[in-house]
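The block underneath contains the structure these notes are about, expressed in structure tokens.
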Amino acid sequence: MKTGRPSWTARWVATRRAALHDRRPARGDAEAERRVYEDLSIPLLLPGLARPAGMWTRTRFIDRRMVEGFDGGVAQVVVVGAGYDCRPLRFSEAPVRWFEVDHPSTQQDKLRRLARTGARADHISFVSLDLNEGDLSAELDAAGHDPESSTLWLCEGLFPYLSRDVIVRLCGILRSRSTADSVLVCNALVRGSGRALSRLLRAGVDTVLAAAGERRKAEFAPGDLEGLLADSGWCISEKELTTPARSDETYLVAIAAFPKPPVP
């Protein structure tokens, strides 16, 4: 993203998720979440951005894994690349410690909006970091994350904006800070062959993203995300796919994974 500019795509996703507000579980201040999403509202620019692919699938998948984690005794939730996600508000009564990691520009803007809408955020530890350059492990240590306690790691919609090397390094850091009962939840779009019209629409979307300083750095073919997770020390426990689009066979994959056991 461009220096000093909050993430446009993170804001866009939050406004699209607002339409799902009444269909989601809550264990906290769901009304505060709604106020923040309303504060973020922006007009439609491109048809290809109107409804991020697989939004309901990935939202439902993550919310379910979070509820299962709360019920199973997870101690910490770390949202990596948090953007304007307000799950810590919706689930503010869950007995966990929350951490949000994001670029300083986006995080500063989010904190202003939380204050402006009266949303309580004192249960959240905010970690300002550029994932391409900063030392995530050191920053989590400073924020109070405990690598000896179970953690639910959430990387939603993050990986396309990181290079493959950075993704592997990031997932390796999360693995190194995980107990055996920790879980990583992530998702990505998997690209099919693509028809001419689909490629044209995608090029238009990429032009808008580039103008906002948020160029996509990684694309995923079938099996790519699974391979990256395996290379960084994770085993897949659950996977959900959307139906491939007729136009170009693109689909969303949502994954939950657990740390690989250490080699004896």
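Data overview
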quantity: Förster radius 30 Å - calculated FRET efficiency between Glu93 and Arg215 (Cβ-Cβ, nearest 0.05); calculated: 0.20
quantity: Cut-off under 5 Å, modelled amide H: who pairs with Thr250 long-range; calculated: Gly192, Ala245
quantity: Karplus-derived 3J(HN,Hα), 6.51/-1.76/1.60, for each residue of segment 220-233, Hz, glycine and proline x; calculated: 10, 8, x, x, 5, 5, 4, x, 4, 5, 4, 5, 9, x
quantity: Burial order of peptide ranges 234-244, 81-91 (average beta-carbon count within 10 Å, highest first); calculated: 81-91, 234-244
quantity: Within segment 120-177, GluC sites (Glu not before Pro) in DSSP loop having at most 15 other beta-carbon neighbours inside 10 Å; calculated: Glu133, Glu148
quantity: Euclidean distance between Cα centres, segment 6-34 to segment 103-124, Å; calculated: 14
quantity: Charge context of Leu136, other residues only, Cβ under 14 angstrom, K/R +1, D/E -1; calculated: -4
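Readers should treat all values here as calculations from the given coordinates under stated rules, not as data from a laboratory. These numbers were taken from a predicted model, which means no experiment stands behind them. When we count neighbours, we look across all protein chains shown, and the Cβ atoms used for this are built from the backbone with ideal geometry, even at glycine.
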